Amino acid sequence: MSAATLCRPVALVPRSSAPRQRRRRSLASDSLLPVGLVSCSCSLSFSPSAGFSGPRPRLRVLCRAAGTESKTSADAPSPNVDDPGRDRLLKVPISNIRNFCIIAHIDHGKSTLADKLLQLTGTVQMREMKEQFLDNMDLERERGITIKLQAARMRYVLGNEPYCLNLIDTPGHVDFSYEVSRSLAACEGALLVVDASQGVEAQTLANVYLALENNLEIIPVLNKIDLPGAEPDRIAQEIEEIIGLDCSNAIHCSAKEGIGITEILNAIITRIPPPKDTSESPMRALIFDSYYDPYRGVIVYFRVVDGNIKKGDRIYFIASGKDYYADEIGVLSPNQMQVNELYAGEMVLIQFDLRNDNCLCKDDKRYVRLKHWRLERCRGATESAMQMLQLKERFSEDVATEDILVLGQLQLEPSAPCLLLSLLLEGWFACLTDAPLILLEFLLCLYQIWSLLPYWCHVCGPTDILISVASIALSRVGLGLSFNSVGYLSASIRSVADARVGDTITQFGRRAESSLPGYEEATPMVFCGLFPVDADQFPELRDALEKLQLNDAALKFEPETSSAMGFGFRCGFLGLLHMEIVQERLEREYNLTLITTAPSVVYRVNCMDGQTIECSNPSLLPEPGKRKSIEEPFVKIEMLTPKEYIGSLMELGQERRGEFKEMNYITENRASLVYHLPLAEMVGDFFDQLKSRTKGYASMEYSFVGYRESDLVKLDVQINGEPVEPLSTIVHKDKAYAVGRALTQKLKELIPRQMFKIPIQACIGTKVIASESLSAIRKDVLSKCYGGDVSRKKKLLKKQAEGKKRMKAVGKVDVPQEAFMAVLRLEKEVL
Amino acid sequence: MLRSTFFNRALSLSSCSIPCVLPRCRAYLLRRPPTVCAYSSSASPPPTSAYVHLPFCRKRCYYCDFPVVALGSSAHPDADPRVSSYVRLLLRDIAATKPPVSDSDEHPPLQTVFFGGGTPSLVPPTIISSILDALSVKFSFCESPEVSIEMDPGTFDKEKLAQMLELGVNRVSLGVQAFQEELLNACGRAHGLKEVYEAIEMVTSCPSLQNWSMDLISSLPHQTRDMWEESLRCAIHARPTHLSIYDLQIEQGTKFGQLYSPGEFPLPTESQSAQFYKIASQMLSEAGYNHYEISSYCLDGYECKHNLTYWGNRSFYGFGLGSASYINGMRLSRPRRLREYTEWVQKLEEGTKHHDFHVDAKEMAMDVMMLSLRTARGLDLRSFARSFGRRLVHSLCEGLKQYVESGHVIAMDDDRNLLTYHEFELKTREEDGVAFIRLSDPDGFLLSNELISIAFGIISP
């Protein structure tokens, strides 16, 4: 093809037919010629035809190209030193893909090991490296825990073979075990990381069993061998005994010191099987996470199990039955990478959906988004790209009035056509908002060039400008995200509910017959009320919860009102840590001040009339006369402990109404204890107690076993004769007295004395089981009003008045917020 | 020579809350929202009271956090350069203070002057004379002004007292504080019990001094109920015309603040100290004293006119270290440190603007309420409604309802007849409503902070 063809000035296109159809047609045309790489001088001008409504911006692009230096030749692509990570996006055969995750107990070094793997494979550069790289929430970094699972793609060369390793980092805490199950399902293998000085813990065990159930290849790794107390051999034996894994080839490593990392990488490649080659099957991809991006809509993280996905594909969510066009596809490495996928051809990003004419509308949000994205991504690597950048900025500033754009001296090296085209495209988007036809004409003439895009990309390095063009092109050339890779996509999905975690993505046109086995939906186990301290913040709290939920599928909430606290939400969490994390994120990320009520579980109330009511809110519990019995959730809890603490853990189990099930010595010195106990008893400070009673050596794991009838009562608190709903709790009858006493005592401490005597009572129904009385203030008088200095005195009184405002009035009594808060803590102490 | 006169109690009380609006201000007032006019800052007449701070003491008492300069026991105040230079500064302060009247208008004469401290009785009478002269030149005095001075036992003799009275001082406030040697020691007073009796003797034996006040402090460390009753008996026996009973406040930065915390041994417990307050109220009432303000008692007609200025939220001058003034709706406090005060006076002379605090309507309402609820007269709801609106009065009545019921607040009609709770409820709903509310004695007074801050919460929700 000649330069003339390439740079053929685009004539006006009469707007006769519908733009959509027209474009379809042009895209469908296959009579395309290969394009040579030429330096050219071209002058392109186009303007919308008459009859367009609205303003009629015209754009003329004058491009004088000066063929200066040509950087590289086509057959010798040199890796761009600026971007060492891009080679990992090169396509590798399926047999060279490894998907794995890491199973480890908290503090056994999972995140550190992940850091080291990322570092060694050059996925993350030294200067970008920070500890716990994959934990990118502030909260995660601060607490040293992983909350959200993360995925990262690494490239590793073994024996001259490039391999693509997908690591899925998972949370270790028991509350987040559902996240673990999600990640396990996306892998073929797992690294079992065990602290060589501490041994196997309960949580690890549970996850290993999960992994074995999923038929994962498990590679035992003994971490922290650099520690003086490390006993890798003993721990290896322990693993063999407990789990039954062959530990003869366990890898000894120290993630901190970087010992044994290469061995781990090699083992991943040699021992973990590649995913099955199902590239020809209809596409099936499992969503393992999703979150909401205000600019792009819902971003879905998924693993392609069968077939492949291309940008622009019309995808179909089997469970929700919704279909979308995939606007953008990319990999996680570990940040979303949309640029480099061009090399591998595995990932494509689509930033805009050309099938939708709306996006060409200037006042449409999509347009704004497009512009944003453009400016953001204008970091060109080559000089010409820089030039383009400057031009582009000018270009996008006031495009409607700018008629002529002179491109100036452009190097028309191999990349030039792309740059030019992208510019034209952008110009088209920006200016000719109502003239899609012109683009169509363009598309027609540019198609040839696009077919060569991957080649150009190789030559000139990834520039952002390429992407927009390339993405369109790639949908034609048939490159897409192939099976068995982990990626993400964005498809202007407005609600996370449309792309639920665990759902299967397939192609709209070629649907898979069955969906993939999904994940169990996380069921909240612990409930509490969240109320804004400032009632005006209620709408903000709702928005914040909605946003958080997008990011955290396990969070459930519904509105609740309370006489003392006003409007708020009843929220469900996976566990106490989850609850704490959510509260903290709400307060931190959304700047809210919250009151939390005592955590509770879901009770099942069997009513006299045969109805069964689920109730998590003590204030909604039916009247005593109406209920026949109350059932509460029970959990099976397994504790691993050194043998010297068995006694105190049994005591703990008994105290918490636990039912002893079994005890096994897993090694000579360690035992496993199994109890069935009410979840409500565990919701409090059970874990803290477990840790403190065993000097931190014990670990635990729990799973829900079912509902059981218990002798439960509702304990109300009355202050000055007025019931205070937020302080109500459901407790076991045998514990009611202790809890009641402790509650009233604590409240007596926390409620400031008032001008009259206040009785504080804990009652079951009408029976008062504990009572305290708060004496009246006897004297609060500033007698000296010195030298007319009114302001000093007034300041004190104003402060006093402010203090009153922060309290909630319960009848005549002002109850400070701290009382509600501290009572929660007390609950933990007593229960 | 100025002599003390009895002033008409009724007159003074009726004028204390609402300053009359001068005719020249009227036009201006019409343009302002009616809610603020009666207490409007711009409408307030120029002060007729002046407070003069004389900060010198022998030593600082352990409970004291006033701006004080301790001279030490050996220094001779008559010749001490610290005293003379301070007085020069004070005179400059008086001279440089601009009265809030235009040149054409005459400044109303001063009705009251109060020398506070510190221990004003430490300074030589010549200094008092020069200050009174300066005030007279600047503002002039009315025919029979009330000129009070704080005097501490052991800092004056008969001659000095006579000289002071000669100069026009006609009211002495004697800082006795306690009638127990050990308590005087314990709170760091510079005098003993002997000096107390001597001072009382001097003051009572002086025929030209009819109006004198005694200060006592309750809830001192180690103070017992017996001691307190003894002090009260001694005080009643001395028969001052006025008594100020202060409940000890433990202030931060004082010696007591370091040593003690309120309600803990050796300080009396809260209920003990409430008991002390009640005992004082009861004993003094029985002895014929009116409990006319939270911490003030007097025989009929001997209210401290100067203090009534404060409690009536009327304007007053303040001169000297750390003193506060309220002129033209501006509250202004002078610095509490000598060095800063010196610079301050310098700036005042240069005419540089000082940062002062303008009292807006809401703040004014708080001031009026806070101050008038300290008094037995209470808050005049009629004028309060005129100034700040009927709605505020209504919500105030609503908000304080439960305390009327509990007896902490007393409601009265126009003739100051007490209203029962039922009557109060009915009246609140009526158009003309309740005329006065006051805090009850002693229960309401004892919880005055609590009640006033509740009322603050109503004014500023």
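Here is a yes/no grid of residues against (1) part of a helix (DSSP H, G or I); (2) under 20 Å from the mean Cα position of the chain (by Cα):
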position	(1), (2)
B:GLY257	yes, no
B:PRO266	no, no
B:SER271	yes, no
B:LYS278	yes, no
B:GLY288	no, no
B:ARG331	no, yes
B:ARG336	no, yes
B:GLU340	yes, no
Note down all Cβ pairs under 7 Å where the first residue falls in region B:151-165 and is in contact (Cβ under 8 Å) with a residue 12 or more places away in the chain and over 12 Å from B:LEU122 (Cβ atoms), the second is of a type in the set (Gly, Ala, Ser) and part of a loop (DSSP other than H, G, I, E, B), and they're at least six residues apart or on different chains.
B:LEU165/B:SER208
Filter region B:425-461 down to residues that are in contact (Cβ under 8 Å) with a residue 24 or more places away in the chain and farther than 30 Å from B:ASP360 by Cβ, then give me how many there are.
6
Within 23 Å of B:SER448 (Cβ to Cβ) and without any contact (Cβ under 8 Å) to a residue 40 or more places away in the chain - does that describe any residue in region B:270-277?
yes
Per-region count, region B:259-280, residues within 14 Å of chain A (Cβ to nearest Cβ) and either more than 29 Å from B:THR309 (Cβ to Cβ) or surrounded by 19 or more Cβ atoms within 10 Å (Cβ to Cβ) (or both)
15
Would region A:292-302 turn up any residue that is within 26 Å of A:LYS116 (Cβ to Cβ), touching a Leu at 6+ places or on another chain (Cβ under 6 Å) and either modelled with pLDDT of 85 or more or surrounded by 23 or more Cβ atoms within 10 Å (Cβ to Cβ) (or both)?
no
Every residue from region B:300-329 that is in a strand (DSSP E or B), closer than 29 Å to B:LEU446 by Cβ and either more than 14 Å from chain A (Cβ to nearest Cβ) or among the hydroxyl-bearing types (Ser, Thr, Tyr) (or both):
B:TYR326
Of these, A:LEU797, A:LEU782, which one is within 14 Å of another protein chain (Cβ to nearest Cβ) and touching a Phe, Trp or Tyr at 6+ places or on another chain (Cβ under 8 Å)?
A:LEU797
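Take region B:371-407 and flag every residue that is within 14 Å of chain A (Cβ to nearest Cβ) and either of a type in the set (Asp, Glu) or not in a helix (DSSP H, G or I) (or both). Lay out the reasoning, then the answer.
Initially, region B:371-407 is screened for residues within 14 Å of chain A (Cβ to nearest Cβ), giving B:371-375, B:396, B:398-407.
Those that are within 14 Å of chain A (Cβ to nearest Cβ) and either of a type in the set (Asp, Glu) or not in a helix (DSSP H, G or I) (or both): B:LEU373, B:ARG374, B:THR375, B:GLU398, B:GLU405, B:SER406, B:GLY407.
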Filtered residue count, region B:357-370, keeping only those that are within 14 Å of chain A (Cβ to nearest Cβ) and either modelled with pLDDT of 85 or more or in a helix (DSSP H, G or I) (or both):
9
Has region B:197-206 got any residue that is of a type outside the set (Lys, Arg), in contact with a Phe, Trp or Tyr (Cβ under 6 Å, 6 or more places away or on another chain) and surrounded by fewer than 19 Cβ atoms within 10 Å (Cβ to Cβ)?
no
Say whether the condition of being in contact with a Pro (Cβ under 8 Å, 6 or more places away or on another chain), away from chain A (no Cβ under 13 Å) and not small (Gly, Ala, Ser) is met by at least one residue in region B:346-356.
no
Could you go through region B:71-87 and let me know if any residue there is modelled with pLDDT under 50, of a type in the set (D, E, K, R), in a loop (DSSP other than H, G, I, E, B) and over 30 Å from B:LEU220 (Cα atoms).
no
Check A:GLU584 against each of (1) at pLDDT below 80; (2) not in a strand (DSSP E or B) and name the one condition it does not meet.
(1)
Enumeration of residues in region B:288-305 that are closer than 19 Å to B:HIS237 by Cβ and of a type in the set (A, V, I, L, M, F, W, C)
B:CYS298, B:LEU299
Taking the stated definitions as given, is B:TYR297 over 30 Å from B:LEU232 (Cβ atoms), within 13 Å of chain A (Cβ to nearest Cβ) and part of a strand (DSSP E or B)?
no
Please enumerate the residues belonging to region A:612-671 that are surrounded by 14 or more Cβ atoms within 10 Å (Cβ to Cβ), touching a Phe, Trp or Tyr at 6+ places or on another chain (Cβ under 8 Å) and within 30 Å of A:THR561 (Cβ to Cβ).
A:CYS615, A:SER616, A:ASN617, A:LEU621, A:ILE630, A:GLU631, A:GLU632, A:PRO633
Positions within region B:119-148 being free of Cβ contacts under 8 Å to residues at least 24 places away in the same chain and touching a Lys or Arg at 6+ places or on another chain (Cβ under 7 Å), in sequence order
none
By residue number, the members of region A:613-650 that are free of Cβ contacts under 8 Å to residues at least 12 places away in the same chain and assigned to a helix (DSSP H, G or I) are A:LEU620, A:GLU644, A:GLY647
Residues of region B:408-443 being touching a Gly at 6+ places or on another chain (Cβ under 8 Å) and within 14 Å of chain A (Cβ to nearest Cβ), in sequence order, are B:HIS408, B:VAL409, B:LEU439, B:SER440, B:ASP443
Where A:SER197 falls short, out of the listed (1) within 26 Å of A:LYS636 (Cα to Cα); (2) at pLDDT 80 or above
(1)
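Just a yes or no: is a residue in region B:300-307 buried (at least 20 other Cβ atoms within 10 Å of the Cβ), under 18 Å from B:ILE94 (Cβ atoms) and under 18 Å from the mean Cα position of the chain (by Cα)?
Looking through region B:300-307, at least one residue is buried (at least 20 other Cβ atoms within 10 Å of the Cβ), under 18 Å from B:ILE94 (Cβ atoms) and under 18 Å from the mean Cα position of the chain (by Cα).
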Does A:GLN549 satisfy the criteria of being modelled with pLDDT under 80 and part of a helix (DSSP H, G or I)?
yes
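The values are calculated or read from the model by the stated rules, or taken from the named source; none is laboratory data. Treat the numbers as computed from the prediction; the structure is a model and nothing was measured. Glycine also receives a Cβ, built like all others from the backbone with ideal geometry; neighbour counts cover every protein chain displayed.
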